[in-house]
Amino acid sequence: MKLLQPSLIFLALALAGCSSYYKHPDPKDAKEELKKAHQQSTLPPLTLPSSVQSELLAIPQQNLAVPAMPERRLRIAAQEVEAAAFFGSLFKGSRYSVAVHPGVSGLITLELKDVTLPEVLSTVADMYGFDIQRRGYVYHIYPAGLRTETIPVNYLMLSRRGLSRTMVSTGGVTNTNNSSSSDLNSSSSSSSSSSSSGSTTTTNQTSSNGTRIETDNDTDFWRDLNSSLQALVGSGNGRAVITSPQAGLVTVRAYPAELKAVREFLNQSEQHLKRQVILEARILEVSLSEGFEQGVDWSGLSASWDGGKGITGGASIASSNVGASNTIFTALGGGGGFTLSDGNFNVAVNLLKTQGDVNTLSSPRVTATNNQKAVIKVGTDEYYVTNASTTITTTTSGTERTPNVELTPFFSGISLDVTPQIDEQGKVLLHIHPSVIDTEEQTKTIDMGDSGGTLQLPLAKSSIRESDTVVQANNGDIVVIGGLMKTDKQEQVTKVPLLGDIPWVGEAFTNRKHSNQKVELVIMLKPTVVEDNTWQQELQRSSELLDKWYPARR
C-alpha cells in the first residue's frame, strides 16, 4: 500500500501537467490587443529627438528633398512655331531644364490660357505624338518614333479555375447493348463484370431530363494581359509586347501615344484587380412555429426588394419596386432574394426569432478580390460504395471470386462559394451558390429474380438544399435568400416513470406522438467593399463585440 501511494501521486502530477498543457486564450487578451491596434492608428506622428534633428540639419542642403512649389500659370499662343524653338522658349524663366532630341521637328500651333507647364507638355504630347519624359527637374523631349519601356505589374503568376454546378435530374433513358465474346487464351481463364463468364455488358445513356446550371470562372491574368496589350499596341513596324510573369514585368516597344495608352490600361487594370470585398454570411435554420408553416413572413421588415436582382424559388416580377408586404411576395413565403439596406444582421435575426426557433449553422467570413471566386466549406467527407463488381477467374484448380468495390467521398455539411464584382460606385454584383448537404447511409435491396437472388447495396442518401443566383447589392447591404424548406418528422415520447421502462409491458404506459416540423433555411450575405479605413472600422467593430460579450467587471 505504501508503494502504491507514491505511484498515485506521480500519476496525478503527470495528469495535472497534461491538463495544463493547453490553455484557452483569455478574451481580455484579445480585447487589449484590439485596443492597442486602434490606439496606434490614432497616435500622432512621432517626433525626432533634438540630437537627431541637429545632425540632419548639418547635412548639405543639396542632399535634402526640395519642398514642392506651386506651378506658375502660363498663357500660350503659338502659330506654326518650330518644335525645337517652341520647347526652348517654353522653358525660359522656369525652374525646369529641357533636353530636346535632334530628331524633334515639325510645326506647333497652340493657344492655351491659365495652364501649368506640365499641362502644356501633356497637351503637346497628345496632339503631336512627342515622347516627353521627366527625370528630376529635367524634361527630355523625344520625336514621335518607336520607344521601348518596361513597366512593373504586381500580380501572381497563376491560372485559376472555378466551376459551380447545380443540377436537378428527373431520370433518364438508357440504351443497353449486350455482346458476348469467348476467351480463346491458352490459360483457360475468363473474367467478367457480371456473374456470366465471358460476357461483357455496355450501357450508354442516350438522354436525360432535368435542369442544370454551370458557372465556369477561368482566370489566367498573364495570358489575357498579353493578348490585350497585343490588341492595344498592334503589330508591325517594329512593335512588340513581352510579358515576364516570373519577374512581374511588361516590356512594350511602340509609339509614344501607344505607350501612354498601355500605361493607363495597366494602371486601371491593377487598381480594379486589387479591389477587395469582405463577405460576411449567416446561414440559419428556422424551425417555424404554428401559423408560419408557409415560410418566414418578411413583411415586418422595411425591406427594399428588387425582383430584377434574382429570385431564388420563384418567378421574376416585372416591377422593380415591390414592397415586402406585397401579396405575391407573401405568397412566395420568403422565397425571393432581396436586400436589406440597414446592414444589421440582428434586425433580421430578431424577426426570425418571432416566427420560430433559430439555429445558426455557420457564420463564415472571407475576403475576396475582384472577380475571384471564394469558397467556404465546413463539414466532413465520408466514403460510400458507388460501384461493386465481382471478378470470376476459372483455373484448373477451381473458380475464384474476387469482389471489387469502388468508394467515392460524399460531402456532408455546409459549402458557400461567392464571386464578387465591384463597380466604380461601390456596388457589388455577386454570384452566390450556397448548399447545405446531409448525407447518410441507406441499404438498397434489389431482387435479381429466381436465379439471381437478392442484392443488398449500402448506398449514400443525400438531402440537399442549395441555390444558385446572381444578385446586386450596395456596399454594406445584406442579401437575403430564403424559401429553402424541408419537413422533419419528429416523435415525442411520454411515459410513466418506472412502469414505462418495463420491457413489453411498458408500451401500455407510453404515449407516442408523431408530428411534422417545417424548417426553412435562410442565408444572409453582407458584402463590404474594402476602402482606406475599412480595416480600422472592422477592428473597432470586433472590439465592441468583445466588450458586449465579455463586459468589464466593476
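The table that follows gives values for the structure above.
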| quantity | calculated |
| --- | --- |
| Test result for Val480, under 28 Å from Thr528 (Cβ atoms) and in contact with a helix residue (DSSP H, G or I) (Cβ under 7 Å, 6 or more places away or on another chain) | yes |
| Looking only at segment 234-249, and only at residues there that are free of Cβ contacts under 8 Å to residues at least 40 places away in the same chain and of a type in the set (Gly, Ala, Ser), the one that is surrounded by the fewest Cβ atoms within 10 Å (Cβ to Cβ) | Gly236 |
| Subset of segment 422-435 [of a type outside the set (D, E, K, R) and within 14 Å of Gly476 (Cα to Cα)] | Ile422, Gln425, Gly426, Val428, Leu429, Leu430 |
| Residue within segment 201-216 that is more than 34 Å from the chain's Cα centre (by Cα), surrounded by 13 or more Cβ atoms within 10 Å (Cβ to Cβ) and modelled with pLDDT under 90 present | yes |
| Strands (runs of 3 or more DSSP E) enclosed by segment 405-479 - at least 3 residues per element that are hydrophobic (A, V, I, L, M, F, W, C), buried (at least 20 other Cβ atoms within 10 Å of the Cβ) and within 16 Å of the chain's Cα centre (by Cα) | 428-447 |
| Subset of segment 356-387 [in a strand (DSSP E or B) and among the hydroxyl-bearing types (Ser, Thr, Tyr)] | Thr360, Ser362, Thr367, Thr369, Thr380, Tyr383, Tyr384, Thr386 |
| Contacts under 9 angstrom Cβ, first residue in segment 250-273 being aromatic (Phe, Trp, Tyr), partner assigned to a helix (DSSP H, G or I) and buried (at least 17 other Cβ atoms within 10 Å of the Cβ), 6 or more apart | Tyr255/Val233; Phe265/Leu229 |
| Checklist (1) modelled with pLDDT under 90; (2) assigned to a loop (DSSP other than H, G, I, E, B) applied to Asn154, failing item | (1) |
| Among residues of segment 480-511, those that are surrounded by 13 or more Cβ atoms within 10 Å (Cβ to Cβ) and outside any loop (DSSP other than H, G, I, E, B), counted | 12 |
| Residue that is surrounded by the fewest Cβ atoms within 10 Å (Cβ to Cβ) [pool: residues in segment 141-164 that are polar (S, T, N, Q) and touching a helix residue (DSSP H, G or I) at 6+ places or on another chain (Cβ under 8 Å)] | Asn154 |
| Count of residues meeting criterion [under 22 Å from Gly295 (Cβ atoms), among the hydrophobic types (A, V, I, L, M, F, W, C) and modelled with pLDDT of 85 or more] in segment 350-370 | 3 |
| Out of Val168, Val124, Val98, sole residue that is out of contact with any helix residue (DSSP H, G or I) (no Cβ under 9 Å at 6 or more places or on another chain) and hydrophobic (A, V, I, L, M, F, W, C) | Val168 |
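The values are calculated or read from the model by the stated rules, or taken from the named source; none is laboratory data. Keep in mind that what you see is a predicted model, and the values were worked out from it rather than measured. Cβ: placed from backbone, ideal geometry, glycine included. Neighbour counts: every protein chain shown.
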